[in-house]
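What follows is a short report on a single structure.
The values are calculated or read from the model by the stated rules, or taken from the named source; none is laboratory data. The model shown is predicted, which means the values in this text are computed figures rather than measured ones. Every residue, glycine as well, gets a Cβ built from its backbone with ideal geometry; the counts of neighbours run over all protein chains shown.
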Amino acid sequence: MPPRRKTPFDPELRDEIQNGPTWSYPWQLAPGVTTEAHRPWLAELTDTTSRMIEPHARQELEAAAGERRALDIGCNEGLISHRLLDWGASRVLGVDSRELNIRRARLIRDQLGVPVNRLEFEQRDLFDLDPAELGQFEVVAMLGIVYHLENPMGAIRLARALTGGVCIIESQVIDGGEPIKWTTPEDESRSTSASFALYREPDVETKFSPLAAMPGIVSLIPNRAALVEMASAAGFRSVAVIEPPADAPLGDKRAVLVARA
């Protein structure tokens, strides 16, 4: 990410760094000022995912005619939103359900001197996103959120409605396991390789909440086959699995899809 640093250093941001909870990413915001990340592996995972998706996002943005818009669903502190700008987006909207994440995303944006009309952050639940209001985006990024939802299929259908070009979906996935077989009331035998794990989230916020599902919900975690099937069923014209590099952190526990509208 090219330097966009402003001076002097924002006192509100300095107070957030010194007195707030630990951060999702180790932001290097000024000489000697780096945020403390509460999960050090997350930056490496995000960097690996970025390398995997960058060519696809760049290609779509470079080919777009007119305004090149991107949407970052579950933007957290805005790291991928900044990279979408670097990859060619003229405008990026980042949305996240947590006030903490959006406050920090705005502080970082302002400290780096990125204009609000190019990078906007809004606190919204993803199911409140209205395609009729927002229109479609050349690139939609939905990274690290599908497996934190009770309704992952509905989320992917909504992402499809918001996608005019390419949607990039990254998720934790469970092991494939054996195909599941069942019999219908008409004695028809059926089977599927797509499956989910169910996890009931804690009823209270935890220190890792900025990276987790909302308290008290049931998270449905797909396997790779289920993630592909959901994207296809949502109406994407093509769905491709991007294989991680051999040294990728948690490589066999994550999946990245590039789904084209």
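General remarks:
- Among the numbered conditions (1) closer than 29 Å to Ala132 by Cα; (2) exposed (fewer than 13 other Cβ atoms within 10 Å of the Cβ); (3) free of Cβ contacts under 8 Å to residues at least 24 places away in the same chain, the only one that Pro215 does not meet is (1).
- Taking the range 218-238 as the range and being among the aliphatic types (A, V, I, L, M) and crowded, with 19+ Cβ neighbours inside 10 Å as the test, the residues that pass are Ile221, Ala226, Leu227, Val228, Met230, Ala231, Ala234.
- For the range 135-146, the condition of being over 16 Å from the mean Cα position of the chain (by Cα) and at pLDDT 95 or above holds for at least one residue.
- Residues that are under 16 Å from Pro244 (Cβ atoms) and either without any contact (Cβ under 8 Å) to a residue 24 or more places away in the chain or not in a helix (DSSP H, G or I) (or both) were ranked within the range 44-69; the one that is nearest to the chain's Cα centre (by Cα) is Asp47.
- Cβ separations smaller than 7 Å between residues 6+ apart or across chains give the following pairs from the range 7-19 residues that are among the acidic types (Asp, Glu) to residues that are part of a helix (DSSP H, G or I) and modelled with pLDDT of 90 or more: Asp10/Leu107; Asp10/Asp110; Asp10/Gln111; Glu12/Leu107; Glu16/Arg104; Glu16/Leu107.
- Condition met for Ser189 (buried (at least 22 other Cβ atoms within 10 Å of the Cβ), more than 22 Å from Ala63 (Cβ to Cβ) and polar (S, T, N, Q)): no
- For the range 95-148, the candidate set comprises residues that are among the small types (Gly, Ala, Ser) and in a helix (DSSP H, G or I); within that set, the residue that is surrounded by the fewest Cβ atoms within 10 Å (Cβ to Cβ) is Ala132.
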